[in-house]
Each structure stands twice: as C-alpha cells, then as structure tokens.
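Colleague: Before anything else, here's the structure in question.
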Amino acid sequence: MNIKKLRNDFPLLSEENQKNRKSKKNMPIYFDNACMSLKPIQVVEAMNQYYTEFPGCAGRSAHSISTKVNDEVYNARNTIKKFINAKRTEEIIFTRNTTEAINLVANSINFKKGDVVIQTDKEHNSNLVPWLIKQKNIGIKREFINSNSDNTFNLDEFEEKLAKLNNKVKLVAMGHTSNLDGTTIPADKIIKIAHKQGALVLLDAAQSAPHHELNVKRLDADFVAFSGHKMLGPSGIGALYGKKEQLEKLNTFIVGGDTVSETTQNSFKLEGLPNKFEAGLQDYAGIIGFGAACKYLNKVGIKNIAKQEFKLNSLMTEELLEFSKLNLIGPKDPKLRGGIFNFMVDEIDPHQIAIMLDQSKNIMIRSGAHCNHSWFNAHKLKGSARASTYFYNTEEEVETFVETLKKIVF
Ligand SMILES: Cc1ncc(COP(=O)(O)O)c(C=O)c1O
C-alpha cells in the first residue's frame with residue numbers, strides 16, 4: 001500500500017492541497033474517521049457523473065437515461081454484495097444509514113410482549129433507542145451482557161444468559177465493532193450460539209465494515225447494517241444486508257411508490273426484494289458513490305487497512321499510555337482496538353482537548369459521549385476524547401498528535 005500516493009486521491013490530504021493552501025494553518029490531521037471518513041476523488045467523480053451525464057430515475061421510465069441509472073444502481077448493489085460476500089444481490093437493501101437499517105429491522109419483525117432482545121452494555125444510541133421504544137410500546141424485554149473489565153465481550157455470560165432464557169430470545173442485536181473503544185465482538189461464535197437457541201442475529205457493522213473483513217456468508221449473520229459515509233462513501237446512504245429468507249419474512253417499513261407492483265382503490269401488491277423496502281425515488285448519486293467507495297476499498301485491500309490502523313494505534317498507545325493522567329477506554333492492547341484511541345485526562349474537559357488540538361495544529365478528533373451516553377452514564381463519566389485513524393493516516397501525523405497532546409495536557 002503506497003499511502004503517499006493514496007493520499008493524493010483525498011483532496012483534503014493531497015500534495016496539491018498542500019501546495020495551494022492560502023491558509024497559514026497546518027495541513028489537516030483528520031483523526032475523526034469513526035465519525036465519518038474522507039472521500040476519494042473517485043467517489044466524488046462517480047457521483048458527479050450521475051448528476052451531469054444521466055440524472056434520471058431508476059425503475060420507472062423506459063428511456064436511455066433511466067436504463068443507465070438502473071444499470072449503475074444494479075452495479076453498485078452488486079459491488080456492495082461482493083464486498084460483504086452476500087449470496088444474492090437482492091439481499092442488499094439501500095437505506096439512508098445504519099440507523100435507518102436498524103430501525104427497518106426493529107419495525108418489521110413481529111415482536112410480541114415478552115420476546116427478548118440481547119445486546120452489549122455499550123451500544124451506540126442507534127442500536128439502543130429503537131429497542132428501548134419496542135420495550136416501552138410492545139413490552140419486549142431488553143437484556144444486556146456486561147463487558148469484561150477491559151471492555152471486551154464476555155462470551156461465557158452470553159452463552160449462560162441465552163441458555164437461561166430458554167428460547168425466549170428473538171434477536172441478538174449487537175454492535176460488531178464498538179465506536180467507543182474499537183473492540184470487536186466474536187460474532188462467529190455469538191451467531192452459532194444464538195442460532196442454536198433459535199434466535200436471529202443483527203450486527204451493527206457501522207464500525208466493522210470500513211475496517212476489517214466482513215464476510216456475512218461465513219459469519220452466517222441474519223441482518224447486517226452499515227453506512228456509506230464511514231467507508232469512503234457519501235453521507236445519506238447506507239445498507240441493510242439480510243438473508244433472503246429472513247428479509248422475505250419481514251413486514252414492510254416505509255411504503256409507497258416503487259414498493260408495490262399493483263394497486264387498486266382497496267388493495268396493493270407488494271414488490272419482491274429489494275424494492276419492497278426501498279420506497280420512493282432513491283439517492284441514486286449516493287448509491288453510485290457507495291459502490292465506487294467499495295471498489296476503492298477493494299483496491300486498497302481490507303487487510304492492508306487493518307494493518308495500517310494497527311501500526312498507527314500501536315504507536316499512539318506506546319507513546320501515550322505512560323502518562324498516568326491519561327485513562328484509556330478499552331483494552332491496552334492496540335490489536336484489540338482497531339483504529340480507535342479513546343481517552344480521558346484527569347481534570348481536563350475532553351471538549352477542551354479537542355478544541356486545543358484543532359486550534360494549535362489543525363488536528364481533528366471527536367469529544368463527548370460519542371452517542372454512547374448509556375455507557376458513560378452507567379460508569380458515571382461525562383465523556384472522552386477519541387482519536388480514530390484510517391488507512392490514509394500516517395505515522396508522522398500520529399507523532400504530531402502525540403507531541404501536541406503532550407504540550408497541551410501533560
Ligand atoms: C457503532 C455505530 N453504530 C451506529 C452508528 C450510526 O451510524 P449512522 O449515523 O450512519 O446511522 C454509528 C455511527 O457513529 C456507530 O459508530
């Protein structure tokens with residue numbers, strides 16, 4: 001992987017930007033990738049091409065522009081299918097983002113009072129609130145697995161809990177990789193155990209799809225939700241993967257044009273997959289951009305991505321863990337935390353740290369509760385400062401981040 005060359009594909013990081021900068025500010029050091037990744041020019045160009053060359057709608061008109069949109073949407077769906085190794089193209093449903101994909105599942109399964117949904121104790125609000133609402137409105141039971149003391153997943157507790165609940169568990173809905181600490185749950189083992197007890201599994205893959213191999217066929221996952229904007233794609237587009245037989249059993253969620261093949265004044269006939277879940281005109285540029293993003297990731301290689309993140313996180317960890325005022329969230333071993341380094345510093349507000357990093361060296365990190373308020377509240381903490389890297393970040397950037405942080409807080 002030639003990072004220097006790859007960086008030139010990202011306008012904000014490119015040598016061109018460095019040469020043409022009017023601002024006296026440093027070149028940006030973008031360490032907020034767990035929130036949103038940067039976009040390569042190939043993605044922007046693919047979207048521009050839609051708007052300039054064939055800006056029509058898919059699936060409705062028979063003219064050539066519309067046919068071209070149909071083809072490009074199919075190609076994007078197929079690229080994404082291959083990216084996660086799904087069996088069939090129609091198992092990819094386009095949504096606005098991970099949040100909408102999770103809401104689709106939550107609102108389309110026939111839950112009854114007493115059905116159990118099992119989660120981790122550190123779900124992103126997007127994989128928590130839909131289930132809290134089901135608990136309130138329908139009376140499902142929400143159970144969670146307490147993480148080990150280093151925030152890794154407690155598989156024994158999960159296995160025991162599932163056996164105790166004796167076939168009452170309808171769904172295991174868990175974050176695959178945590179945006180809080182970068183740890184990844186042992187999804188293959190979890191899915192095997194869940195299936196043995198007759199439960200379905202939904203993985204929130206917002207943080208795993210961009211960073212390490214996601215093979216839905218090998219995992220045998222029932223549903224997987226992910227977002228384009230965290231994996232080089234545009235914002236406003238995401239996907240739900242579902243096994244064909246599971247998607248076919250779901251009720252519909254949002255309905256209208258394109259979700260039906262026929263209507264009368266008193267009846268309607270639903271379309272098959274994937275149309276049944278994709279209501280109204282879609283974000284065609286977004287879908288095409290998402291496909292281009294997956295193509296780009298394929299070119300870089302998902303294994304190379306994980307390797308580079310590990311290298312950067314190892315360096316950060318080695319340099320920063322020696323400071324006793326710094327409290328790391330999650331395990332010390334960087335191998336277990338992907339690209340995420342989330343920390344608190346005694347007596348310093350994380351927002352203050354983020355602002356100072358930005359103002360002094362143009363270093364961008366995220367501060368706050370990272371949509372994990374429930375975890376911070378349970379631990380009586382207010383928030384943290386999170387640096388999250390991606391494959392286009394460099395060791396020099398990590399060195400600058402470490403040096404600046406040392407000057408600011410230690
Ligand atoms: C683990 C996790 N789940 C869900 C989401 C929600 O993603 P989106 O806002 O794209 O719907 C995020 C976003 O930060 C996330 O990190």
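What follows is calculated from the coordinates using simple rules that are stated; it is not laboratory data. These numbers come from a predicted model, not from an experiment. Using ideal geometry, Cβ is built from the backbone for each residue, glycine included, and neighbour counts are taken over all protein chains shown.
Colleague: Which percent of the Cα-Cα distances in the stretch 284-410 go past 23 Å?
Modeller: Every Cα pair in the stretch 284-410 considered, those over 23 Å come to 38 percent.
Colleague: With 10 Å bins from zero, work out the P(r) of the stretch 160-250 over every alpha carbon pair and list the percent per bin.
Modeller: Result, from short to long distances: 16, 46, 31, 6, 0 percent.
Colleague: Per-residue HN-Hα couplings for the stretch 168-179, Karplus 6.51 cos²θ - 1.76 cosθ + 1.60 at θ = phi - 60°, whole Hz, x for Gly and Pro?
Modeller: Once θ is set to phi - 60°, the couplings for the stretch 168-179 become 8, 7, 8, 8, 9, 10, 10, x, 5, 10, 7, 7 Hz.
Colleague: In Å, the Kirkwood hydrodynamic radius of the stretch 45-299 over pairs of distinct alpha carbons?
Modeller: One decimal place: 18.9 Å for the Kirkwood radius.
Colleague: Further question: Could you pull the Cα extents of the stretch 54-94 along its three principal axes, largest to smallest, in whole Å?
Modeller: In descending order, the Cα extents are 32, 14, 13 Å.
Colleague: Could you work out [θ]222 nm for the chain from helices alone, using -39500 (n - 2.57) per DSSP H run of at least four and dividing by all its residues? Round to the nearest 500 deg cm²/dmol.
Modeller: Working: 15 runs with 164 residues, N = 410.
When only DSSP H runs of four or more count, the value is -12000 deg cm²/dmol.
Colleague: Test of understanding: in a Gaussian network model of the chain with alpha carbons linked when under 10 Å, which of THR184, THR67, THR95 would top the mean-square fluctuation ranking?
Modeller: Looking only at THR184, THR67, THR95, the largest GNM fluctuation is found for THR67.
Colleague: For the stretch 45-299, what is the percent of antiparallel DSSP beta bridges, rounded to the nearest 5?
Modeller: Values: 13 of 29 bridges.
Once the DSSP bridges in the stretch 45-299 are tallied, antiparallel ones form about 45 percent.
Colleague: When the label point is put 7 Å from the Cα of SER324 along its Cα-to-beta-carbon vector, which residues of the stretch 372-410 have a backbone N closer than 15 Å?
Modeller: Correct set: 410.
Colleague: By per-residue mean of other Cβ atoms within 10 Å, what is the highest-first order of 97-106, 357-366, 134-143?
Modeller: 97-106, 357-366, 134-143
Colleague: How high is the relative contact order of the chain, in percent, counting Cα pairs under 8 Å that sit 6 or more residues apart?
Modeller: In percent, rounded to a whole number, it is 22.
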